[in-house]
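Please read the structure below before turning to the comments.
The values are calculated or read from the model by the stated rules, or taken from the named source; none is laboratory data. In this text the structure is predicted, and so the values were computed from the model without any measurement. Counting neighbours? That spans all protein chains shown, and the Cβs are built from the backbone with ideal geometry, glycine included. Surface areas here come from the heavy atoms of the whole protein model, side chains and all, with no ligands, DNA or RNA. Shrake-Rupley method; radii C 1.70, N 1.55, O 1.52, S 1.80 Å.
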Amino acid sequence: QVQLVESGGGLVQAGGSLRLSCAASGVTFSGYAWFGQAPGKEREFVARITRSGGLTYYADAVKGRFSISRDSAKNMAFLQMNSLKFEDTAVYYCAATIKTLFRSGTSDYDYWGRGTQVTVSS
């Protein structure tokens, strides 16, 4: 059974940091991504990483503040979130794909976690 389980969300003051983790199981993925969904808004791309080579790509809004990484041996992905802003408040979803080519759209990813809430107080 394929499963993605996020952890690490919580309440943090603006300027603080959080580290999200995603534990994957059931299949070998070619890449991972994180998406955020704020209340009343669509799910938006945050960052992605390839399993092999660790190539990364970020949304403009998080460049220089967030860092995505993976541990291929443990089938895990991470999102280090620094200098958090109020507008980063959202439910963050881990996504994974078995596609060879993938980019930043929700349709590029085959599997999703249930999400973890990140709340940044101003």
Per residue, what accessible area does the chain have, given a 1.4 Å probe and all protein chains present, in Å²?
-> 53
Net charge near Tyr58 (other residues with Cβ under 10 Å of its Cβ; Lys, Arg +1; Asp, Glu -1) is +2
Please provide three numbers in whole Å: the alpha-carbon extents of the stretch 39-104 along the principal axes, with the largest listed first.
-> 34, 23, 20
Env charge @ Thr97, Cβ radius under 14 Å, K,R +1 / D,E -1, value +3
How big, in percent, is the set of alpha carbon pairs in the chain lying more than 16 Å apart?
-> 56
Hey, which lysines would be in cross-link range of Lys74, C-alpha to C-alpha under 27 Å, not counting anything within fewer than 8 residues on its own chain?
-> Lys63, Lys99
Counted charge near Asp88, where neighbours are those whose Cβ lies closer than 14 Å (Asp, Glu -1; Lys, Arg +1) | +2
Fully extended contour minus Cα-Cα distance, from Val5 to Thr106, at 0.36 nm per residue | 34.6 nm
Can you list the aspartates and glutamates whose alpha carbon sits under 15 Å from that of Lys85, skipping same-chain ones fewer than 8 residues off?
-> Asp60
Charge dipole (debye, nearest 20) of the chain; +1 at Cβ of Lys and Arg, -1 at Cβ of Asp and Glu = 200
On the formula 1/(1 + (r/R0)^6), with r taken between the Cβ atoms of Lys99 and Asp71 and R0 of 35 Å, the FRET efficiency rounded to 0.05 is 0.95
